Amino acid sequence: NKNDIEAIKDYTSCITIDKESLDAYFRRGVVKSNLGDRNGAISDYDFILQYKGASKLKTADIATVYNNKAYCLVGLNKFKEALPLVNQALELRKDKWYIWDTRGEIYYKMGNFKKCIEDMNMAVSIKPNGNSYFHLGLSKIKLNDKENGCKDLSKAGELGTIEAYNEIKKNCK
């Protein structure tokens, strides 16, 4: 997206002017991640995490930075590296649905469907969302609870997770 590239250029300009602009690093990391540049995003998140005096970060909290770095690692299939980061995020903030969601997705991809279900249930108890219901449904199906898994996939679809309907076609006949 042309606007994303312009945003990266703008955030980079901010960083050139103020090398300690943690918000510019954070926002640039988010845009890089959205564009699939996970290694670039990880570098930006690492700068924030290694910075002494992270209280300068106003856009997000450190738990979100740990979570976002972990989610980039998930995209690189580095689940064992991601898990300690998301655990650190949860130590800091248990009230963020997306942190539970990230850890649940890690557990799903590692084949630990019971832990995935626990975390996704926590995520949807805080904020119902398509990704959590999607992984809830898939995990339940993997554990032979097809009926409830298909209900969760349907809920994921209702919340905008399009790939849920492909899984319904495959698993919910």
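Here Lys58 meets the list (1) of a type in the set (Lys, Arg); (2) modelled with pLDDT of 95 or more; (3) within 24 Å of Lys9 (Cα to Cα); (4) outside any helix (DSSP H, G or I) almost entirely, failing just condition (2).
Could you list all residues from segment 55-67 that are in contact with a helix residue (DSSP H, G or I) (Cβ under 6 Å, 6 or more places away or on another chain) and open to solvent by less than 30 Å² (accessible area, probe 1.4 Å)? Can you show your working first?
In the first step, residues of segment 55-67 are kept if they are in contact with a helix residue (DSSP H, G or I) (Cβ under 6 Å, 6 or more places away or on another chain); the result is 56-60, 62-63, 65-67.
If the condition is that a residue be in contact with a helix residue (DSSP H, G or I) (Cβ under 6 Å, 6 or more places away or on another chain) and open to solvent by less than 30 Å² (accessible area, probe 1.4 Å), then Leu57, Ala60, Ala63, Val65, Asn67 are the ones that fit.
Checked against (1) of a type outside the set (D, E, K, R); (2) over 17 Å from Phe79 (Cβ atoms); (3) out of contact with any Gly (no Cβ under 8 Å at 6 or more places or on another chain), Gly111 passes all but condition (2). Lys9 meets each of the listed conditions (1) touching a residue at least 12 places away in the same chain (Cβ under 8 Å); (2) of a type in the set (Lys, Arg); (3) part of a helix (DSSP H, G or I) apart from (1). The residues on offer are Glu167, Glu163, and the sole one that is more than 13 Å from Asp101 (Cα to Cα), in contact (Cβ under 8 Å) with a residue 12 or more places away in the chain and surrounded by fewer than 16 Cβ atoms within 10 Å (Cβ to Cβ) is Glu163. None of Ile99, Ile117 is within 22 Å of Asn67 (Cα to Cα), open to solvent by less than 20 Å² (accessible area, probe 1.4 Å), free of Cβ contacts under 8 Å to residues at least 40 places away in the same chain and in a helix (DSSP H, G or I) except Ile99. Out of all the residues in segment 12-53, which are closer than 15 Å to Asn68 by Cβ, among the aliphatic types (A, V, I, L, M), in a helix (DSSP H, G or I) and open to solvent by 30 Å² or more (accessible area, probe 1.4 Å)? Within segment 12-53, Val30, Leu49 meet the criteria.
Just so you know, in segment 142-157 the residues that are open to solvent by 20 Å² or more (accessible area, probe 1.4 Å) and hydrophobic (A, V, I, L, M, F, W, C) include one that is farthest from Ser132 (Cα to Cα), and it is Leu143.
Taking first residues from segment 42-64 that are more than 15 Å from Glu20 (Cβ to Cβ) and partners that are among the polar types (S, T, N, Q) and at pLDDT 90 or above, the Cβ contacts under 6 Å between residues at least 6 apart in sequence or on separate chains come to Tyr45/Asn68.
Could you list, in sequence order, all residues of segment 150-172 that are in contact with a helix residue (DSSP H, G or I) (Cβ under 6 Å, 6 or more places away or on another chain) and hydroxyl-bearing (Ser, Thr, Tyr)?
Kept after step one, since they are in contact with a helix residue (DSSP H, G or I) (Cβ under 6 Å, 6 or more places away or on another chain), are these residues of segment 150-172: 152-153, 155-157, 159-161, 164-165, 167-168, 171-172.
Hits for segment 150-172 are Thr161, Tyr165.
Taking the criterion of being touching a helix residue (DSSP H, G or I) at 6+ places or on another chain (Cβ under 8 Å), over 21 Å from Met122 (Cβ atoms), open to solvent by 20 Å² or more (accessible area, probe 1.4 Å) and in contact (Cβ under 8 Å) with a residue 40 or more places away in the chain, would at least one residue in segment 68-90 satisfy it? Checked segment 68-90: at least one residue is touching a helix residue (DSSP H, G or I) at 6+ places or on another chain (Cβ under 8 Å), over 21 Å from Met122 (Cβ atoms), open to solvent by 20 Å² or more (accessible area, probe 1.4 Å) and in contact (Cβ under 8 Å) with a residue 40 or more places away in the chain.
The values are calculated or read from the model by the stated rules, or taken from the named source; none is laboratory data. Values in this document were obtained by computation on a predicted structure and should not be read as measured data. Glycine gets a Cβ as well: all are built from the backbone with ideal geometry, and neighbour counts include every protein chain shown. Just so you know, the surface numbers come from the protein's heavy atoms only, side chains and all, with ligands and any DNA or RNA stripped out. Shrake-Rupley method; radii C 1.70, N 1.55, O 1.52, S 1.80 Å.
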